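Peer 1: Starting off with a structure, shown below.
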Amino acid sequence: MAQAILKKYYGIDAGQPFFDGKRVHYEANGNLYTLVPVTNVPENVLVELYEMSRHLVTNGDRYASAFYPSKEKKFLVTDGDSDYVLLENRYKKAPGNMRTGRKLAKFHLRGRTLSATITETNRMGEWKNYWEMRLEQMEKAWYRTVEEHPDRPFERLFAETFPYYMGLCENAIQYVVDTEMDEAPAPGDAGTICHERFSNETWGRKFIIHHPFDWVFDHAGRDIAEWIRAQYFKKTHTFRPDVRAFLQQYVSLSPLSPFSWRLIFARLLFPLHYFECVETYFLTRSEKEQNMHEEQLWKIVRGIEAYEAFLGEFYELSEVPIRKYHIPRVAWLKAR
């Protein structure tokens, strides 16, 4: 069906689809194409993603996907009841031994010069509000669960563990509040183009693709923290060399201020991994997926002490001069 849409609206004879990163791509005329369903994406969001894409492409990002016009010179096409946009990547290169930290710093430096007004996808200064809303929603779910005297293993485990993670969340919110009160942001703390959830898989494996539908406008610390979080859970016992190398690569091109370091730590302190696991469990009706999330929750809970130790040693691991920067610690977190 996608190939028929490419031919009908764009005049592109696409080859066989292939999966890379999180999406299906097509190859034609030496370029890569990605057809994105956008029926449920608000028009204002599409406009902002287009502006971000155009900015990066214009400013030399060879990996950024460009919005590709149809034969009728439209960026949005409608086929039946569905809307689509097409993205094009002309520069193809296998990642190989990619220095992710340095490439991310370069991506953020380009994104920081964006002049378009971003509102719908803007997350700057909103972490505290988002976390408070998520905490409130989960607290309501927890009360309902406790009142119903759960008999399912996941729900019993959620009932038992949520008070701990509520405390962790409150710590993270307070850390952001204190950071915004104590520290003056540096020029490098200005908003930039970031990713909803950045990891090694975000840019793909076979090719490097900077995909607009991964993006939000936020503080660079968002991407740094989420990459570290993903790497920690992927390599819980061997993550340290990767994290240290990633951060060294990043700061070699774009130094991080005390304000940045504190935001990165606050984001790691916020138990996003726990929240997403619980939220997804309650949203899915698939028993297979619920079982998978039950296993994931057990793994998260069994790793509480190890994650506390990671948080306790984070500044040392990152080689941050905490005394020089007057960075406060969370008193109960101690490296083991």
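The values are calculated or read from the model by the stated rules, or taken from the named source; none is laboratory data. Remember, predicted model here, so these are calculated numbers, not experimental data. Glycine gets a Cβ as well: all are built from the backbone with ideal geometry, and neighbour counts include every protein chain shown. Protein only, heavy atoms only, side chains kept; ligands, DNA and RNA dropped before computing areas. Shrake-Rupley method; radii C 1.70, N 1.55, O 1.52, S 1.80 Å.
Peer 1: Can you report the number of residues in the stretch 151-168 which are crowded, with 16+ Cβ neighbours inside 10 Å and either among the acidic types (Asp, Glu) or not in a helix (DSSP H, G or I) (or both)?
Peer 2: Number satisfying all stated conditions: 1.
Peer 1: Can you tell me which condition Arg62 does not meet? The list is (1) basic (Lys, Arg); (2) loosely packed, with under 13 Cβ neighbours inside 10 Å; (3) free of Cβ contacts under 8 Å to residues at least 60 places away in the same chain, and all the others hold.
Peer 2: Answer for Arg62: the failing condition is (2).
Peer 1: Could you run through the stretch 119-149 and say how many residues are among the aromatic types (Phe, Trp, Tyr) and open to solvent by 60 Å² or more (accessible area, probe 1.4 Å)?
Peer 2: 2
Peer 1: Still on this structure: Would you check which residues across the stretch 294-305 are touching a helix residue (DSSP H, G or I) at 6+ places or on another chain (Cβ under 9 Å), closer than 15 Å to Tyr165 by Cβ and assigned to a helix (DSSP H, G or I) and list them?
Peer 2: Gln296, Leu297, Trp298, Lys299, Ile300, Val301, Ile304
Peer 1: Now, a different point. Across the stretch 306-336, which residue is nearest to Asn171 (Cα to Cα) among those that are acidic (Asp, Glu) and part of a helix (DSSP H, G or I)?
Peer 2: Glu308
Peer 1: Identify, please: which residue in the stretch 86-95 is out of contact with any strand residue (DSSP E or B) (no Cβ under 8 Å at 6 or more places or on another chain) and open to solvent by less than 70 Å² (accessible area, probe 1.4 Å) and is, among those, nearest to Ile228 (Cα to Cα)?
Peer 2: By that ranking, first place goes to Pro95.
Peer 1: Can you pull out the residues in the stretch 4-17 that are closer than 17 Å to Asp81 by Cα and either in contact with a strand residue (DSSP E or B) (Cβ under 8 Å, 6 or more places away or on another chain) or polar (S, T, N, Q) (or both)?
Peer 2: Ile5, Leu6, Lys8, Tyr9
Peer 1: Please determine whether any residue of the stretch 111-129 is under 17 Å from the mean Cα position of the chain (by Cα), in a helix (DSSP H, G or I) and over 19 Å from Leu253 (Cβ atoms).
Peer 2: Scanning the stretch 111-129 turns up at least one residue that is under 17 Å from the mean Cα position of the chain (by Cα), in a helix (DSSP H, G or I) and over 19 Å from Leu253 (Cβ atoms).
Peer 1: Which one is nearest to the chain's Cα centre (by Cα) among residues in the stretch 23-48 that are part of a loop (DSSP other than H, G, I, E, B) and closer than 17 Å to Lys93 by Cα?
Peer 2: In this case the residue turns out to be Gly30.
Peer 1: Does any residue in the stretch 281-303 that is in contact (Cβ under 8 Å) with a residue 24 or more places away in the chain come within less than 6 Å, Cβ to Cβ, of a residue that is aliphatic (A, V, I, L, M) and assigned to a helix (DSSP H, G or I) six or more places away or on a different chain, and which pairs are these?
Peer 2: Leu297/Leu157
Peer 1: Next question. Filter the stretch 13-69 down to residues that are basic (Lys, Arg) and modelled with pLDDT under 95 and give me whichever is farthest from Arg197 (Cα to Cα).
Peer 2: Within the stretch 13-69, the match that is farthest from Arg197 (Cα to Cα) is Arg62.
Peer 1: Now for a different question. Got a sec? Which helices (runs of 4 or more DSSP H) wholly within the stretch 192-287 have at least 3 residues that are open to solvent by less than 10 Å² (accessible area, probe 1.4 Å) and in contact with a Leu (Cβ under 7 Å, 6 or more places away or on another chain)?
Peer 2: 221-234
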